[in-house]
1. Quick one: residue 145 ticks every box in (1) at pLDDT below 85; (2) in contact with a strand residue (DSSP E or B) (Cβ under 6 Å, 6 or more places away or on another chain) except a single one, so which number is it?
2. Taking the range 19-68 as the region of interest, how many residues are farther than 16 Å from residue 107 by Cβ and assigned to a helix (DSSP H, G or I)?
3. Could you please give the count of residues in the range 145-180 that are farther than 30 Å from residue 134 by Cβ and buried (at least 16 other Cβ atoms within 10 Å of the Cβ)?
4. Looking at the range 101-123, I want the residues that are assigned by TED's automatic domain parsing to the domain that holds residue 53 and in contact (Cβ under 8 Å) with a residue 40 or more places away in the chain and have a partner that is in a loop (DSSP other than H, G, I, E, B) and surrounded by fewer than 18 Cβ atoms within 10 Å (Cβ to Cβ) with Cβ atoms under 6 Å, at least 6 apart or on another chain. Which pairs are those?
5. Test of understanding: among 174, 200, 170, 155, which residue is outside any loop (DSSP other than H, G, I, E, B), at pLDDT 85 or above and within 20 Å of the chain's Cα centre (by Cα)?
6. Could you check residue 140 against (1) assigned by TED's automatic domain parsing to the domain that holds residue 25; (2) in contact with a helix residue (DSSP H, G or I) (Cβ under 9 Å, 6 or more places away or on another chain); (3) assigned to a helix (DSSP H, G or I); (4) at pLDDT below 90 and say which number it fails?
7. Let me confirm something: among 74, 79, which residue is assigned by TED's automatic domain parsing to the domain that holds residue 106, assigned to a helix (DSSP H, G or I) and closer than 23 Å to residue 115 by Cα?
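The values are calculated or read from the model by the stated rules, or taken from the named source; none is laboratory data. The shown structure was predicted, so the numbers you read here are calculated from the model rather than taken from an experiment. A quick note on method: Cβ atoms are made from the backbone with ideal geometry, for glycine too, and the neighbour counts reach across all protein chains shown.
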C-alpha cells in the first residue's frame, strides 16, 4: 500500500467530524478520500466498498455500534484496515475493537498529525493508537490485546453467571441445560482463557475489563 494512494472512507454520524477529516485528507496527496458517510447503510450501499484501504469508523452512532460493524466488514473484506474513532477511550472497548480486527483506535480530538501517522503505520501492518489512547494502554502489551478469546453466546452467558457466583448446578437449572453440558462449557472456557480454575477465569475477566464490556450479555 505504501506505493499508491490510500483509499480512505469515513463513517461517523457527526457531519462536522466527517467535514473536518475530509478537509484534512484533501490536503494530503498520499490519500484519496472515497467518501464520508453518516449512516452505516450508506457505507454498505457504497459501490466501491471493496476498494476501501482504510476506514475510519465511529464506535457509537445511532442504533449501530462500530464493534459489530468492524467484525462484519473484516469478515467480508479482510484486507480493509479499520481504525476506530471515538470521543471516549474505554479499555474494554479498545480491547473489543482490536479483537474484532481493527488496526487501531484514536480519539476524535486527536491532532491531525496523529491521524496521518496512525493511518500510515496501520498501512504497514501495525496496530496503532492515538497519543491519549496509548497513554491509557501503556501497561497493556499488544499480545495481551490479541489474547482475549472469542466466545460463543452460550459461553458468554455461562461466564457471566460464573462471575455472579453461580455454581454449575445453579447454572444448569437457570439455563435449562444438563449438568454435564455446563461442565463441558466450563472446561472449554478454562482452555480458551488458558487458566486453571474458575477463580483465575474471574480474575482474568476483571483484569481485562470484561465486566464492563457493553457487548457482553445484558444484565452482566
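1. Result: residue 145 fails condition (2) only.
2. 15
3. Total meeting the criteria: 12.
4. Pairs that qualify, where the first residue is assigned by TED's automatic domain parsing to the domain that holds residue 53 and in contact (Cβ under 8 Å) with a residue 40 or more places away in the chain and the partner is in a loop (DSSP other than H, G, I, E, B) and surrounded by fewer than 18 Cβ atoms within 10 Å (Cβ to Cβ), are 108/87; 123/1.
5. Result of the check over 174, 200, 170, 155: 155.
6. So residue 140 meets the others, but not (3).
7. On inspection, the qualifying residue turns out to be 74.
Yes/no per residue for (1) in contact with a helix residue (DSSP H, G or I) (Cβ under 7 Å, 6 or more places away or on another chain); (2) within 30 Å of residue 149 (Cβ to Cβ):
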site: 13; (1), (2): no, no
site: 22; (1), (2): no, no
site: 27; (1), (2): no, no
site: 36; (1), (2): yes, no
site: 40; (1), (2): yes, yes
site: 78; (1), (2): no, yes
site: 81; (1), (2): yes, yes
site: 100; (1), (2): yes, yes
